[in-house]
1. What does the C-alpha gyration tensor say about the overall shape of the stretch 251-311? Classify as rounded when a/c is under 1.5, otherwise prolate if a/b is larger than b/c, or oblate.
2. So, counting K/R as plus one and D/E as minus one, what does the shell of residues with Cβ under 13 Å around G203 add up to?
3. Quick one: T231, T79, fewest Cβ neighbours within 10 Å first, how do they rank?
4. Among residues other than K265 whose Cβ falls under 13 Å from its Cβ, what is the net charge (Lys/Arg +1, Asp/Glu -1)?
5. Hey, fewest Cβ within 10 Å first, where do H146, H275, H282, H306 land in order?
6. Hey, could you get me the Stokes-Einstein D for the stretch 179-237, Kirkwood radius over alpha-carbon pairs, 25 °C and 0.890 mPa s, rounded to whole µm² s⁻¹?
7. Counting DSSP beta bridges with both partners in the stretch 183-311, what percentage is antiparallel, nearest 5?
8. Please compute the net charge surrounding S292, taking Lys and Arg as +1 and Asp and Glu as -1 over other residues with Cβ under 14 Å from its Cβ.
Amino acid sequence: MSKDKKQLVFAPASLILTNYFLPLNEALALQGDSVRKSISFLLLIISLVSFSLKAENHDYEVNKVEYKNLVANLYLPKTEKKLPVVIAFGGFEGGLDTGNANGEMIAPHGVAVLGLAYFKEKGISQTLDQIPMEYFIDAINYLETHPLIDSSRIGVVGGSRGSEAAFLLASMDSRIKSIVVTTPSKVAWYGLTIPKSAWTIEGQDIPALGLELDSNAKLIDRFTVALENKTNVNKSLFKFENINGPILLISAESDQVWPSFQMSKDIEVYLKNKHFKHKVVHNSYKTGHGFSQDTAPEIKKSIINHFVSTL
């Protein structure tokens with residue numbers, strides 16, 4: 001197979017734990033023949049189930065962010081104290097929906113949320129390709145300027161493709177003090193429409209993996225084969241040891257997209273071998289990539305409790 005036809009670009013969607021539906025549109029782009037194939041394999045309705053948390057129920061306001069080229073909404077609980085904050089964003093689906101959903105979920109518990117879009121909105125990239133990490137760093141810079149935010153208590157949450165951005169941001173910028181990732185990857189992957197890394201820093205590609213199996217193969221098989229190339233994996237592996245705070249990994253044991261359960265276990269082993277000083281928790285569920293209606297309440301609760309207790 002020639003080099004220009006070798007790399008297949010894939011972008012799994014991120015988890016949206018909200019009260020409408022969870023989009024899990026999986027897209028494949030075959031470079032070489034300039035063919036893009038989209039697979040929509042699941043629309044899972046997630047219903048909200050009430051649960052109790054040891055946190056006050058805060059009213060909050062939502063403000064559109066005006067800072068450089070950020071596309072974001074800031075969810076601010078109403079309180080006289082400075083607030084911890086979580087930067088929240090989605091994966092393949094793009095836009096603001098995931099960030100907004102996290103704002104609605106987390107802000108009532110006294111933690112501010114910056115719901116951030118990093119592509120598929122006016123003024124920023126329209127595809128998940130060559131996304132500059134400086135954009136996410138600017139989100140932190142903005143939060144440092146806000147008078148109601150305690151910039152010493154910043155966390156980040158991302159799912160699926162968004163887990164790549166979350167891990168990269170947390171490993172690059174020590175101002176991130178807590179992280180949650182759902183159905184995560186341990187490495188960076190290529191973008192959606194071109195055979196290059198989805199992520200850049202200082203104009204340079206961040207090392208990333210592409211997919212080589214035929215697009216007719218099962219997604220899980222394609223990712224598994226790509227992850228067997230240890231040389232490429234080692235180049236694309238995130239520097240988890242640089243993360244400056246506790247980590248919550250949430251994986252799916254029957255993930256049909258990529259092996260999030262095994263990759264989460266690999267992350268645990270890696271951090272143990274690096275003598276990582278912060279707490280690492282791995283919660284796994286016997287579901288597919290999008291989890292399930294039954295597991296959604298527990299997952300939501302674990303995300304909220306993680307940030308309430310660590311920020």
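Read-outs: derived from the displayed coordinates by stated rules, not from any lab. Since the model is a prediction, treat every value here as computed from it, not as a measurement. Positions of Cβ are backbone-derived with ideal geometry, glycine not excepted, and every protein chain shown enters the neighbour counts.
1. oblate
2. -2
3. Final ranking by Cβ density, sparse to dense: T231, T79.
4. Details: positive: K186, K272; negative: E253, D255, D266, E268.
Local net charge: -2.
5. So the residues, fewest neighbours to most, are H275, H282, H146, H306.
6. Numbers: Rh = 12.4 Å.
Answer, rounded: 199 µm²/s.
7. In the stretch 183-311, approximately 35 percent of DSSP beta bridges are antiparallel ones.
8. Values: positive: K286, K300; negative: E253, D255, D294, E298.
My count for the surroundings of S292 gives -2.
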